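Following: one structure in structure tokens, then a few remarks.
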């Protein structure tokens, strides 16, 4: 890996859990937004079936991906982590990456939860 | 070599002592600020930082006075101190000045002052840029504040929602002052963000790997990242609203295919991260102060760091909680409610880490400690009410009432102002020959703490029993009278505390040579002996608290036994280090003071302000002068390798110039491209949002320009990028190359870019589409118009680069200027192609109506 | 116990209907919970500061940070989120029985109210909403100009009135009484003086009120009142105001057909009597600067009395 890429790659890995959260969030919000706007302008009707299922599916996928990131970080796997010579630096990356993935799992779960309780365009 | 130095503290120090005769004098002389009237051109981060902090504090006091007038008006029902019209300007200015002219500049100013010191760098990487950011803010901010004296202050609230703020309902220039007046604040903030990101990542003390970096550096890194991704939304929003007001481009007018909610989305996508922009640096400061007052390292450093990062990210997912009452579907609102719960968790982590740290040491109740305790009390209370208003049904009652006023004052005053005062008492001994009085400090704290609670706690009740926000008066008999009176009393108590502080500050604060020393026993590098040159030599660190855990560090640094105790190129230098492990990479030659910077700032502010009062020709003239000043300032930079690689000590030999992805200039341009990319993404969002809400305004395929036009424009764009890439290769050929060929190919890129933009513009113009017609048309012309702006900027950059080449200041090695132009050029082309794609393909894909 | 502090006709903590009630309950639970959490955190802070050495060592353990900062908030906030969502779901659920349909249009700086029948306006009034206790009401909220917000805290949360869209608010009063509402989104100049009354009546009283409002204006028999009516029309009031049954049919300002029956005038700014009506007509800009009615100060004292007496008679 080119030397100048090391920091961006490592940093992206560090925040990958949060990036998954953000992607999940944008997708579910965007989907519901478009679905309900279409309904208000009279060209949909599918939202009640499609939206909750899509949100729950996306939530499950995001949680699984974050789980993989969390486990990989705990095991010391991932871009740049294994090759890190300094033990304290390596430990720092592992702990923070894993915990950020863990917190993101909670955030994703909380985001998906309303789909179980609230209809899409109420 | 470097690994060994990291792990073996018994290794000999990089440089021997005593140092050669005259070395220290030369170093000091290089960093001396200018004398006489030229003093205002100073670029040292310490002086710029102090000016900046002072100006921000001035705005705090000014906006506070506005609040005192408001509170006096509201002390009793049917108050007659000020008219309705004046009151509406007062509350708008109070909010706007506090948020834009005090809070963000204050935390940025502290970063300008503290960050280099805390990382043992001699200055920020772009000293003239921070001076420019300060002066633009100074001139522009003061002029903006003066609008209240002539009754021209904006009066539609600090978030100026359209249609109230559109030209139909706000026909005067008050709103234009807000829109254009905030323009230079936006520039200052972006400039500051670039400085700080590059400063945190590239100018740390050798050995200060990311896991040993002060929490404050982490906080400022995230702060700057928030600015990069949040400010573009408001930059775009203010541009759109100004275009609507001035030229009738109906972005926010529902009847013409615009949407008032578009403004709210853009504003709050910026507005919520804005409050974390304000809070996170304060939290970072608290994480520096608490270990010192407890005389113990911060507990759970990694948790605190990840809490800061998590807060930064999640703060981008809560913006609609400011829009819970707009009728957006309940499921969508719930996503934001969930994220609002999530964003509070990292703050809780930090609070417990601070408490744990205090428990692990012994806290002496000095004034900084008192303000930290006050911060914990007030901010925790505010954070808890924040969770409450994150619950949608509760917010349906609390929104736009005094409950919200109570909440945000608790989190902002608790979360930022109290840490700010703690920081004043804590770090003034580092900046001033005399420290502030502890005895007076206790009184300041007591008055402010009592005052804040007396003012704002009753407002929780006032709001829930029915008093809405932004009302110049209220009827008697609803139970609001006594509560308002108590709040007003509290405001006077706060004012007394602040006044007492100012009295002590004027009495004691003396900046200049020398400081009061490490009076609190701090463990981080800002407490090393320092002067205008920062530290005599740049230390290698092996721990998070070097002054506590590396014995003799201060003496070794002051004696010049660490890196770079001299200035071999004869100018201002600091060491650029790698972002992950802070290993030295090169020595950067930084420019010194220049009148160009100050004049550029003045004329930038003048440009915006003259445009507001519709004096277009003088405004344009000032704009041209501002650009000329910037180019004059830049002319001294990019010096090239004026000196062979220097020995900084410890056997490390570093070049004095770097280009390509390792260089600080490249990184700065990357950050700027992130800003530009975010702006463009917000614009694409606006286009799609208007389609979602007003699809009937979208054209049928036959109303679009025939596909040949965008294809031609795309070809021109691609050709201009090819020209730049070719020029890059020609430049890299070294001494054997043809300078003339390079100059020609370089120049050719400009007409190609201009042709691309003109083709794009003409394609739409010749269909008869005009921007004022509909929200769709306005969005299309905005996409095209943004390209026009980039075309202009890139043309100027290209002309400048050509000038460098023609005057022999550009070659295969000395190519930073060219590289920066190249980066932004390719970005501009990519953006142009993306814009063409979306405007051409999106309507064809979705059909019309 | 706190009722003296939180009661009132415009208090979210003095609910008069189920929506406001469930929000009030949520509020009290959150205040109590928040208060307890706050106390605990402050106690821990105090312990860390005051208790010396070994007896506070447990508090400096990283697990305190994990439990207090991560585990406990996750559990509590999950529960709170679910609770809050369930309340939101109840509030936004469609009413079981057929609701009373009203449309409210926000204006600078007053409220235009239409009572609907089969989706079409049956009659118009202003700043004054009467509803029967126990029946759900469905309010369609729009605006004629800028963003306003319809808020009657004792009955429900607020909902904005935004150009280009219609927002629907459902509420139901459970308790007889007069509830006050106020605009809750800054709408310019006299935003502070843009209030309205919601009167919850027994069903039979409401029917009587509605029938009365549907009728055209009472034709005056008294000569003084007839003079007032003539002056009213002659002064041009009819170009902005409607009085059904007369030639006054302007729609720029509030419908005045039954203005005498309202509790207040100028959108809750003043009580409704001849004196305030007279002051309003001759100098409304002094009483509510920035409102859209020009002053009519050319009427003589007697003429003004005649006009205001006429208006007062329009019950």
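Could you pull out the residue among B:303, B:298 that is at pLDDT 95 or above, under 17 Å from residue A:95 (Cβ atoms), assigned to a helix (DSSP H, G or I) and over 22 Å from the mean Cα position of the chain (by Cα)?
B:303 is the lone residue from the list that is at pLDDT 95 or above, under 17 Å from residue A:95 (Cβ atoms), assigned to a helix (DSSP H, G or I) and over 22 Å from the mean Cα position of the chain (by Cα).
Working only within the stretch C:173-197, note down all residues that are more than 9 Å from chain B (Cβ to nearest Cβ) and surrounded by fewer than 24 Cβ atoms within 10 Å (Cβ to Cβ).
C:174, C:175, C:176, C:177, C:178, C:197
Would you list the helices (runs of 4 or more DSSP H) that sit entirely within the stretch B:338-415 and hold 2 or more residues that are facing chain C (nearest Cβ under 10 Å), free of Cβ contacts under 8 Å to residues at least 40 places away in the same chain and touching a helix residue (DSSP H, G or I) at 6+ places or on another chain (Cβ under 9 Å)? Break it down into steps so the answer makes sense when it comes.
Values: elements: B:367-389, B:392-398, B:402-412.
Filter on the stretch B:338-415 gives B:367-389, B:392-398.
I'd like to check something: does the stretch B:506-519 contain any residue that is over 23 Å from residue B:430 (Cβ atoms), more than 31 Å from the chain's Cα centre (by Cα) and more than 14 Å from chain C (Cβ to nearest Cβ)?
no
Residues B:49, B:16: which one is surrounded by fewer than 15 Cβ atoms within 10 Å (Cβ to Cβ) and touching a residue at least 40 places away in the same chain (Cβ under 8 Å)?
Exactly one residue qualifies, and that residue is B:16.
Check off (1) part of a helix (DSSP H, G or I); (2) touching a residue at least 60 places away in the same chain (Cβ under 8 Å) for residue B:619 and give me the number that stays unchecked.
Going through the list (1) part of a helix (DSSP H, G or I); (2) touching a residue at least 60 places away in the same chain (Cβ under 8 Å), residue B:619 breaks only (2).
Quick test for you: out of C:169, C:116, pick the one residue that is within 14 Å of chain B (Cβ to nearest Cβ) and either crowded, with 18+ Cβ neighbours inside 10 Å or free of Cβ contacts under 8 Å to residues at least 40 places away in the same chain (or both).
Details: C:116 fails: within 14 Å of chain B (Cβ to nearest Cβ).
C:169 is the lone residue from the list that is within 14 Å of chain B (Cβ to nearest Cβ) and either crowded, with 18+ Cβ neighbours inside 10 Å or free of Cβ contacts under 8 Å to residues at least 40 places away in the same chain (or both).
Taking the options B:152, B:179, name whichever one is assigned to a loop (DSSP other than H, G, I, E, B) and under 24 Å from residue B:604 (Cα atoms).
Selected residue: B:152, the only one of B:152, B:179 that is assigned to a loop (DSSP other than H, G, I, E, B) and under 24 Å from residue B:604 (Cα atoms).
For the subset of the stretch C:1-23 comprising residues that are surrounded by fewer than 19 Cβ atoms within 10 Å (Cβ to Cβ) and more than 8 Å from chain B (Cβ to nearest Cβ), which member is farthest from residue C:169 (Cα to Cα)?
Result: C:1.
Please go through (1) buried (at least 21 other Cβ atoms within 10 Å of the Cβ); (2) in contact (Cβ under 8 Å) with a residue 24 or more places away in the chain; (3) more than 7 Å from chain B (Cβ to nearest Cβ) for residue C:26 and return the number of the only condition it doesn't satisfy.
(3)
Can you name the residue in the stretch B:32-46 that is buried (at least 18 other Cβ atoms within 10 Å of the Cβ) and not in a loop (DSSP other than H, G, I, E, B) and is also farthest from the chain's Cα centre (by Cα) among such residues?
Among those that are buried (at least 18 other Cβ atoms within 10 Å of the Cβ) and not in a loop (DSSP other than H, G, I, E, B), it is B:41.
Would it be correct to say that residue B:292 is away from chain A (no Cβ under 11 Å) and either on the phi < 0 side of the Ramachandran plot or not in a helix (DSSP H, G or I) (or both)? Show your work before the answer.
Values: away from chain A (no Cβ under 11 Å): yes; either on the phi < 0 side of the Ramachandran plot or not in a helix (DSSP H, G or I) (or both): yes.
Here the answer is yes, as residue B:292 does meet what is asked.
Of the conditions (1) closer than 27 Å to residue B:33 by Cβ; (2) within 14 Å of chain A (Cβ to nearest Cβ), residue B:580 clears all except one; give me its number.
Against the list (1) closer than 27 Å to residue B:33 by Cβ; (2) within 14 Å of chain A (Cβ to nearest Cβ), residue B:580 comes up short only on (1).
Looking at residue B:186, is it modelled with pLDDT under 95, assigned to a helix (DSSP H, G or I), out of contact with any strand residue (DSSP E or B) (no Cβ under 6 Å at 6 or more places or on another chain) and more than 27 Å from residue B:326 (Cα to Cα)?
Considered against the rule, which asks whether it is modelled with pLDDT under 95, assigned to a helix (DSSP H, G or I), out of contact with any strand residue (DSSP E or B) (no Cβ under 6 Å at 6 or more places or on another chain) and more than 27 Å from residue B:326 (Cα to Cα), residue B:186 comes out as yes.
So, of the residues in the stretch B:198-216 that are touching a helix residue (DSSP H, G or I) at 6+ places or on another chain (Cβ under 6 Å) and surrounded by 24 or more Cβ atoms within 10 Å (Cβ to Cβ), which turns out to be farthest from the other protein chains (Cβ to nearest Cβ)?
For the stretch B:198-216, the residue satisfying everything is B:216.
Return the residues of the stretch A:92-122 that are part of a loop (DSSP other than H, G, I, E, B) and more than 8 Å from every other protein chain (Cβ to nearest Cβ); say none if nothing qualifies.
If the condition is that a residue be part of a loop (DSSP other than H, G, I, E, B) and more than 8 Å from every other protein chain (Cβ to nearest Cβ), then no residue fits.
If I filter the stretch C:134-150 for residues that are in contact (Cβ under 8 Å) with a residue 60 or more places away in the chain, touching a strand residue (DSSP E or B) at 6+ places or on another chain (Cβ under 9 Å) and closer than 22 Å to residue C:190 by Cβ, do I get at least one hit?
Within the stretch C:134-150 (the criterion being in contact (Cβ under 8 Å) with a residue 60 or more places away in the chain, touching a strand residue (DSSP E or B) at 6+ places or on another chain (Cβ under 9 Å) and closer than 22 Å to residue C:190 by Cβ), the answer is no, since none of the residues qualifies.
Identify the residue in the stretch B:734-757 that is in a helix (DSSP H, G or I) and surrounded by fewer than 16 Cβ atoms within 10 Å (Cβ to Cβ) and, among all such residues, is nearest to the chain's Cα centre (by Cα).
B:751
If you check C:44, C:80, C:49, C:59, which single one turns out to be facing chain B (nearest Cβ under 8 Å) and either in contact (Cβ under 8 Å) with a residue 40 or more places away in the chain or within 16 Å of residue B:341 (Cβ to Cβ) (or both)?
Exactly one residue qualifies, and that residue is C:80.
Which of the following residues is closer than 22 Å to residue A:89 by Cα and modelled with pLDDT of 90 or more: A:25, A:7?
Exactly one of A:25, A:7 is closer than 22 Å to residue A:89 by Cα and modelled with pLDDT of 90 or more, namely A:7.
If residue B:260 meets every condition in (1) over 14 Å from residue B:782 (Cα atoms); (2) more than 14 Å from every other protein chain (Cβ to nearest Cβ) apart from one, which number is that one?
All conditions are met except number (2).
Answer yes or no as to whether residue C:52 is more than 18 Å from residue B:350 (Cα to Cα), buried (at least 17 other Cβ atoms within 10 Å of the Cβ) and modelled with pLDDT under 95.
So residue C:52 fails the test.
For the stretch C:288-305, what are the residues that are touching a strand residue (DSSP E or B) at 6+ places or on another chain (Cβ under 9 Å) and either within 11 Å of chain B (Cβ to nearest Cβ) or exposed (fewer than 10 other Cβ atoms within 10 Å of the Cβ) (or both)? Before you say what the answer is, go through the steps one by one.
Kept after step one, since they are touching a strand residue (DSSP E or B) at 6+ places or on another chain (Cβ under 9 Å), are these residues of the stretch C:288-305: C:288, C:291-292.
Selection gives C:288, C:291.
Mind listing whichever residues of the stretch B:482-496 are under 30 Å from the mean Cα position of the chain (by Cα) and surrounded by 21 or more Cβ atoms within 10 Å (Cβ to Cβ)?
B:491, B:494
Return yes when residue C:164 is buried (at least 17 other Cβ atoms within 10 Å of the Cβ), within 14 Å of another protein chain (Cβ to nearest Cβ) and on the phi > 0 side of the Ramachandran plot and no when it is not.
For residue C:164, the condition - buried (at least 17 other Cβ atoms within 10 Å of the Cβ), within 14 Å of another protein chain (Cβ to nearest Cβ) and on the phi > 0 side of the Ramachandran plot - is met.
The values are calculated or read from the model by the stated rules, or taken from the named source; none is laboratory data. Every value quoted in this text rests on a predicted model; they were computed, and no experiment measured them. Every residue, glycine as well, gets a Cβ built from its backbone with ideal geometry; the counts of neighbours run over all protein chains shown.
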